[in-house]
Structure formats: C-alpha cells, structure tokens
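The values are calculated or read from the model by the stated rules, or taken from the named source; none is laboratory data. The structure displayed is predicted, hence computed values, not measured ones. Using ideal geometry, Cβ is built from the backbone for each residue, glycine included, and neighbour counts are taken over all protein chains shown.
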Ligand SMILES: Nc1ncnc2c1ncn2[C@@H]1O[C@H](COP(=O)(O)OP(=O)(O)OP(=O)(O)O)[C@@H](O)[C@H]1O
Ligand SMILES: [Mg+2]
Ligand SMILES: [Zn+2]
C-alpha cells in the first residue's frame with residue numbers, strides 16, 4: 001500500500017474532522033439526565049424546513065453581497081446588519097420585528113434570508129423559520145381538516161424564535177396596487193400567526209409588495225399590528241425602476 005492509499009483508508013474509518021465536534025456527527029450528546037439531542041440536530045431540522053420551500057440556506061446570499069449605491073439601500077443594509085448584531089437585545093423589545101416593503105426586485109428576500117441565515121448559523125442556532133406566504137398558507141389550507149397536523153404546522157410559525165414571512169399577500173397586489181380583498185379563508189390562516197407573534201413580541205420579518213397603507217387597507221387590525229411591531233424598522237422601497245435590481249444594466 002502506498003502512502004496515499006494508506007491515508008485514504010485511515011480517514012474513512014476515523015474521520016479527522018467532524019462536521020460537529022460536540023457529538024461527532026451522531027446528533028446525540030450526554031446531558032444531565034441521559035442522552036439528549038445536539039444543537040447540530042436542531043440546525044439540520046430547521047434547514048430541512050427551508051429546503052421544503054425550495055431555499056437551501058447554504059446557497060443564500062449574504063448581507064455583504066447586497067450592493068449599496070442608493071440611500072434606501074444603505075438604510076436597508078444597515079438595518080439588516082444591526083438586526084443580526086443586536087438580535088439578542090432586539091428580541092427582548094416590544095418592537096422586535098422588521099419589514100421590507102414595496103418594489104419587486106428591490107432585494108427584500110435577499111436581505112430577509114441573509115438575516116435568517118446569519119442567525120441560523122450563529123453558535124446557538126437561532127430557530128429561524130422561512131414562511132413563503134402563498135406556499136405556506138396553501139399548505140395550511142390543504143391540512144385544515146387534519147386538526148392535529150394543522151395545529152402542529154401553525155404552532156411552529158407562531159412559536160419559532162424568528163419567523164420570515166415572505167411575499168405577504170402576494171395574491172392581493174400587482175404593480176403597486178391592491179387587486180383583491182382579504183377573504184375570510186385568507187384571514188383564518190394568517191391572522192392567528194401575526195396576532196400571536198404581535199401579542200408575544202416575537203421577532204418577525206415581514207416582506208411584502210404592499211406598502212404600509214396597503215397593509216392597513218387590506219385589514220386595519222392586522223396591518224396595524226405589523227406596523228406597530230416593526231415601528232422604526234420599516235424599509236419601504238418606492239415603486240420605481242431604480243429600485244428594481246433585476247433591471248440593473250438592462
Ligand atoms: N442591492 C442589491 N445588491 C445585490 N443584489 C441585489 C440587490 N438587490 C437585489 N439583488 C438581487 O436581485 C435579485 C432580486 O432580489 P430579491 O428577490 O431579493 O427581490 P425582492 O424585493 O424580494 O422581489 P420580489 O418582490 O419580486 O420578491 C436577487 O438575485 C437579489 O440577490
Ligand atoms: Mg422576494
Ligand atoms: Zn452535533
């Protein structure tokens with residue numbers, strides 16, 4: 001056996017580097033009352049939830065990749081950076097949420113996912129749940145008859161440490177104008193999530209093509225709760241070509 005072969009054989013049987021040194025990739029560690037799940041297990045479960053909605057946290061762009069060549073972008077980037085840095089203090093405040101609103105292509109999803117990824121990858125792995133509004137509410141509606149399953153799904157959105165609601169009310173807005181009203185079935189699924197998070201001051205990132213007035217027009221109680229929980233952390237990208245990064249260089 002030559003030297004190279006020897007090295008390969010050894011590294012296959014006893015890896016010299018584990019993904020998680022704590023549990024040596026077994027996902028179990030010794031706790032006070034016996035074995036318990038390692039932190040890395042929690043991270044894997046959360047990552048799996050993101051992937052279920054088509055987003056792999058490993059591929060998400062960072063805040064550093066967000067170019068800042070206009071004042072609104074500087075403001076948005078700064079708020080995102082601060083949110084990550086000061087999350088532990090922010091989460092204790094009454095107004096612990098943030099909203100990226102307005103123009104499609106402005107980078108709302110980019111920034112929300114970048115915040116989410118940074119917190120997910122923190123040492124203690126903040127439990128960040130990604131909730132693309134249309135897909136997630138479609139799934140909730142499809143499970144409405146299965147009470148146990150439905151409650152389990154909804155309670156995850158209500159209780160997680162940080163919830164990202166992306167494209168909120170996407171089906172009600174087009175080119176910066178409301179094109180529909182919220183129906184009872186829409187409210188039934190989203191209202192308890194927003195309301196419970198509002199009441200319990202749970203950090204939430206709201207992304208929507210609606211601006212603040214449109215959220216209020218759709219439903220004053222729900223829009224009001226969102227706005228109040230974000231307070232000074234509302235970034236509104238005006239509807240204009242310059243704010244659409246997808247059109248840059250076109
Ligand atoms: N300031 C920026 N710097 C670098 N890339 C950007 C910037 N703004 C947006 N992008 C990129 O442009 C694309 C569109 O951005 P994104 O999907 O985040 O927009 P959005 O506001 O969520 O749009 P929509 O309302 O259609 O969901 C993404 O690939 C994103 O990474
Ligand atoms: Mg988006
Ligand atoms: Zn581990």
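A compact table of results
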quantity	calculated
Check on residue 120, more than 16 Å from ligand 2 (Cβ to nearest atom) and touching a residue at least 40 places away in the same chain (Cβ under 8 Å)	yes
Evaluation of residue 92 against (1) away from ligand 2 (no atom under 16 Å from the Cβ); (2) closer than 30 Å to residue 38 by Cβ; (3) assigned to a helix (DSSP H, G or I) (one fails), failing number	(3)
Qualifying residue in the stretch 27-48 (condition: within 16 Å of ligand 3 (Cβ to nearest atom) and in a loop (DSSP other than H, G, I, E, B))	yes
Count of residues meeting criterion [surrounded by fewer than 16 Cβ atoms within 10 Å (Cβ to Cβ) and farther than 27 Å from residue 174 by Cβ] in the stretch 103-126	4
Residue match in the stretch 113-120 (condition: more than 18 Å from residue 196 (Cα to Cα), more than 16 Å from ligand 1 (Cβ to nearest atom) and under 16 Å from the mean Cα position of the chain (by Cα))	yes
Candidates 222, 216, 163, 182 - the one that is away from ligand 1 (no atom under 16 Å from the Cβ) and in a strand (DSSP E or B)	163
Qualifying residue in the stretch 193-205 (condition: part of a strand (DSSP E or B) and in contact (Cβ under 8 Å) with a residue 60 or more places away in the chain)	yes
Some residue of the stretch 228-239 being out of contact with any helix residue (DSSP H, G or I) (no Cβ under 6 Å at 6 or more places or on another chain), closer than 24 Å to residue 140 by Cβ and surrounded by 14 or more Cβ atoms within 10 Å (Cβ to Cβ)	yes
Boolean, residue 156 is part of a helix (DSSP H, G or I), touching a strand residue (DSSP E or B) at 6+ places or on another chain (Cβ under 8 Å) and at pLDDT 95 or above	yes
Which listed residue is buried (at least 16 other Cβ atoms within 10 Å of the Cβ), assigned by TED's automatic domain parsing to the domain that holds residue 206, within 14 Å of ligand 1 (Cβ to nearest atom) and touching a residue at least 60 places away in the same chain (Cβ under 8 Å), from 129, 72	72
